Amino acid sequence: MRTLRYAVLALAALVVLSLGFALIPAEEPAPAEPPFSEQARAAALGAALDLRAAGLGLASAGTADSNALDPVVTLLTIQARALVSPGSDSASGPANGSAQTSPPASAPPASAAAPQSTAELIQALANSGTARLKDAETADGGMARLLAGTGTAQLIAARRLAVAAGIPVPLGTAGPGAEVPGTAAAASPCASTTGPATSSPAASAPAAQESTLATAPPSTRQALAAAISAEQQAVYGYQAALPRLAPAEAGPASDFLGVHKGLAAAAAERLRSACGGSVPQQPGYVLDPGFLAAPAAALGKLEAATLASYGDVVAVSQGQDRKWALAALQSAAGRALQWGVDPGPVPGLTLDAGQLPALPAGTGLPAGASVAPSPAAS
């Protein structure tokens, strides 16, 4: 009987323990860390919303010129809408615009307080633009293009706001016509190539058969070839416009002509390193009817037309080719602005603001501020 009693008690204890283990929920695994591109997007979205809120706060407080701040707020609104992840609730996140995801390592640490003056806002814009361009170096294709255009536009906005406010321009905001830093192309292991490379844009050109010796995919070679064609056309346009420009405009135009020649040569060298064929120089190009009548304005449109080519190179390239394209994109945006043409809220990427998701009411507004919808948010 004693043995039977012990056996019953042991069986009961076993049943209790088994039921307890079954009822204790298993510990859920930690969520996987988002990819770098998603972290970079979330950091860019949070920065755009925070900067937008700071601009709205300064304008509503009357501590800054609203005429100078309004374009910046509109720019940041469009950028934030472009950075909202499709199909997600990112746009309805915290009212202070902070991102839900940890920012990438290249993002600067968030400041404890929002910018309280125009000078602080200008520096914050420059810091954000630099961070976006740094993230664009390693982000995935399409996101790299979006980050590159966002960062470029923020650096331009910082420079323009500084000039309007009479504040020293922050370091790192390159002026118009800045030389593209040299990023040497890798030595080419290719055999001599025959036949010209296609000059179709990377976004629409059909993929070609990749050579076994190629160091870059066909899309990269096609984008580089398109950039060469755009630069050749820019050289032709500047040569046609120079004799018709006023003396004050002829000097910068001559400098910009040299920049375009250098960019065409650099792109050709990179194309050779990627085992692509040469892009033949066309004997001439059809100019717009008003080109010769208003050459300065026409040059601005010509510069703006090169932005998409460099956006393509950023999207499909990697490493040194992408760094070179990022620098070329910034340089082209600055030259377009020099001729009075706005490069857009995301240079290198064509956006239809009407198709972008709208930000929810109150997003990014400082505490206690009234909701004042931006013109771009409608």
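Couple of notes before you dig in:
- Check on LEU307, among the aliphatic types (A, V, I, L, M), assigned to a helix (DSSP H, G or I), within 22 Å of LEU287 (Cβ to Cβ) and modelled with pLDDT of 95 or more: yes
- Residue in the range 47-63 that is in a loop (DSSP other than H, G, I, E, B), over 30 Å from MET143 (Cα atoms), at pLDDT 70 or above and of a type in the set (Ser, Thr, Tyr) present: yes
- Taken over the range 53-63, the criterion of being under 21 Å from GLY166 (Cα atoms) and crowded, with 23+ Cβ neighbours inside 10 Å is satisfied by ALA54, GLY55, LEU56, LEU58.
The values are calculated or read from the model by the stated rules, or taken from the named source; none is laboratory data. In this text, all values refer to a predicted model and were calculated from it rather than measured experimentally. When we count neighbours, we look across all protein chains shown, and the Cβ atoms used for this are built from the backbone with ideal geometry, even at glycine.
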